[in-house]
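*Asks:* Quick one: the structure is below, questions incoming.
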Amino acid sequence: MSQREFMIVLAHTENCGMCRAKLLDDPVGVMASRSLTEEEKTVLAGLKYEDFLTPEILARAAKVGRDELERYAAEPVVRLRHL
């Protein structure tokens, strides 16, 4: 499982409106070049605008812990990894 890549995409799109819009508009295209499992792709493809309103809602929608999401959001690579 590529949990790290999944968390990087999730944490980045939480903070980057441009990449969030790309993910929401074309999840299949965005995920094509990423090493994600089918389950992770399904979760990301199922996200909606409303899921990004708060970190708690996003963590719940993505089935991850809020603490884990916040830990990844603090990593420098997350800020630089545009979709």
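The values are calculated or read from the model by the stated rules, or taken from the named source; none is laboratory data. Everything numeric in this text was worked out from a predicted model, so none of it was measured. As a convention, Cβ positions derive from the backbone with ideal geometry for all residues, glycine included, and neighbour counts pool all protein chains shown.
*Asks:* Restricted to the stretch 1-34, and to residues that are within 13 Å of the chain's Cα centre (by Cα) and of a type in the set (S, T, N, Q), which residue is farthest from ASP67 (Cα to Cα)?
*Replies:* The qualifying residue farthest from ASP67 (Cα to Cα) is SER2.
Every residue, every condition in (1) touching a helix residue (DSSP H, G or I) at 6+ places or on another chain (Cβ under 9 Å); (2) hydroxyl-bearing (Ser, Thr, Tyr); (3) free of Cβ contacts under 8 Å to residues at least 12 places away in the same chain, yes or no:
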{"site": "ALA11", "(1), (2), (3)": "yes, no, no"}
{"site": "MET18", "(1), (2), (3)": "no, no, no"}
{"site": "GLU38", "(1), (2), (3)": "no, no, yes"}
{"site": "GLY46", "(1), (2), (3)": "yes, no, no"}
{"site": "GLU50", "(1), (2), (3)": "yes, no, yes"}
{"site": "THR54", "(1), (2), (3)": "no, yes, yes"}
{"site": "ALA61", "(1), (2), (3)": "yes, no, no"}
{"site": "ASP67", "(1), (2), (3)": "yes, no, yes"}
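*Asks:* Restrict the check to the stretch 49-67 and report whether at least one residue is surrounded by fewer than 13 Cβ atoms within 10 Å (Cβ to Cβ), among the small types (Gly, Ala, Ser) and under 13 Å from MET7 (Cα atoms).
*Replies:* Scanning the stretch 49-67, I find at least one residue that is surrounded by fewer than 13 Cβ atoms within 10 Å (Cβ to Cβ), among the small types (Gly, Ala, Ser) and under 13 Å from MET7 (Cα atoms), so the answer is yes.
*Asks:* For LEU83, indicate whether it is in contact (Cβ under 8 Å) with a residue 60 or more places away in the chain, under 11 Å from the mean Cα position of the chain (by Cα) and over 16 Å from GLN3 (Cβ atoms).
*Replies:* yes
*Asks:* Then there is this: Looking at the stretch 68-77 only, could you name the residues that are modelled with pLDDT under 90, farther than 15 Å from PHE52 by Cβ and surrounded by 13 or more Cβ atoms within 10 Å (Cβ to Cβ)? First the steps, then the outcome.
*Replies:* Pass one, the stretch 68-77, residues modelled with pLDDT under 90: 73-77.
Then keep just the ones that are farther than 15 Å from PHE52 by Cβ; that gives 74-77.
Result: GLU75, single match.
*Asks:* Within the stretch 16-39, track down each residue that is exposed (fewer than 13 other Cβ atoms within 10 Å of the Cβ) and over 14 Å from GLU5 (Cα atoms).
*Replies:* If the condition is that a residue be exposed (fewer than 13 other Cβ atoms within 10 Å of the Cβ) and over 14 Å from GLU5 (Cα atoms), then GLY17, MET18, ASP25, VAL28, GLY29 are the ones that fit.
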